[in-house]
Ligand code: AMP
Ligand code: ZN
């Protein structure tokens, strides 16, 4: 993808702070971190979102997050937990699949804002989700 900033980062045409790399993925520091050590896992092959990605990449990414990135963040930065997130369609700013790896610290105040007034009754939503 010619105009994709993450493809440019993967090819080395744009700078990044790379903390891990292998044949399938590159892991960079988020330029606008939520917490210290906020990382982005990027597949090397361009794909847009979860509807587009090869599941082999997902499996590999989660294995690297569990076995390599979490120990790194825990041992070097002292995080005590990890929040993983990934935006698709609405809310996705960069249209090259990426998993946010957000280290969590005691009292980090990371929180998600949401509109409680939009919430329907739990039973109503459950009923809608039944395949009848
Ligand atoms: P999303 O809303 O999930 O698409 O988030 C895209 C993320 O990419 C944001 O958290 C940005 O801070 C991050 N980002 C954008 N440009 C760069 C860049 N050049 N290097 C590192 N992170 C970036
Ligand atoms: Zn791309």
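The values are calculated or read from the model by the stated rules, or taken from the named source; none is laboratory data. Keep in mind that what you see is a predicted model, and the values were worked out from it rather than measured. Cβ sites come from the backbone with ideal geometry, for glycine too, and all protein chains shown count toward neighbours.
A few remarks follow.
- Only residues that are under 19 Å from residue 62 (Cα atoms), more than 13 Å from ligand 2 (Cβ to nearest atom) and free of Cβ contacts under 8 Å to residues at least 24 places away in the same chain were counted across segment 1-27, and they come to 3.
- Within segment 26-44, considering residues that are in contact with a helix residue (DSSP H, G or I) (Cβ under 6 Å, 6 or more places away or on another chain) and in a strand (DSSP E or B), the one farthest from residue 98 (Cα to Cα): 26
- Only a single item in (1) part of a loop (DSSP other than H, G, I, E, B); (2) over 21 Å from residue 18 (Cα atoms) is not met by residue 56, and it is number (1).
- Considering only residues in segment 50-61 that are under 19 Å from residue 83 (Cα atoms) and free of Cβ contacts under 8 Å to residues at least 12 places away in the same chain, the one that is surrounded by the fewest Cβ atoms within 10 Å (Cβ to Cβ) turns out to be 59.
- Residue 47 surrounded by 13 or more Cβ atoms within 10 Å (Cβ to Cβ), more than 16 Å from ligand 2 (Cβ to nearest atom), free of Cβ contacts under 8 Å to residues at least 60 places away in the same chain and in a loop (DSSP other than H, G, I, E, B): no
- Residue that is exposed (fewer than 14 other Cβ atoms within 10 Å of the Cβ) and either on the phi < 0 side of the Ramachandran plot or within 16 Å of ligand 1 (Cβ to nearest atom) (or both), where the choices are 72, 90, 82, 40: 90
- Among the candidates 89, 69, the residue that is more than 13 Å from ligand 2 (Cβ to nearest atom) and in a helix (DSSP H, G or I) is uniquely 69.
Okay, residues lined up against (1) in a strand (DSSP E or B); (2) more than 25 Å from residue 4 (Cβ to Cβ); (3) more than 16 Å from ligand 2 (Cβ to nearest atom); (4) modelled with pLDDT of 95 or more:
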{"position": "60", "(1), (2), (3), (4)": "no, no, yes, yes"}
{"position": "73", "(1), (2), (3), (4)": "no, yes, yes, yes"}
{"position": "94", "(1), (2), (3), (4)": "no, no, no, yes"}
{"position": "109", "(1), (2), (3), (4)": "no, yes, yes, yes"}
{"position": "124", "(1), (2), (3), (4)": "no, yes, yes, yes"}
{"position": "127", "(1), (2), (3), (4)": "no, yes, yes, yes"}
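- Qualifying residue in segment 107-127 (condition: within 30 Å of residue 25 (Cβ to Cβ) and in contact (Cβ under 8 Å) with a residue 12 or more places away in the chain): yes
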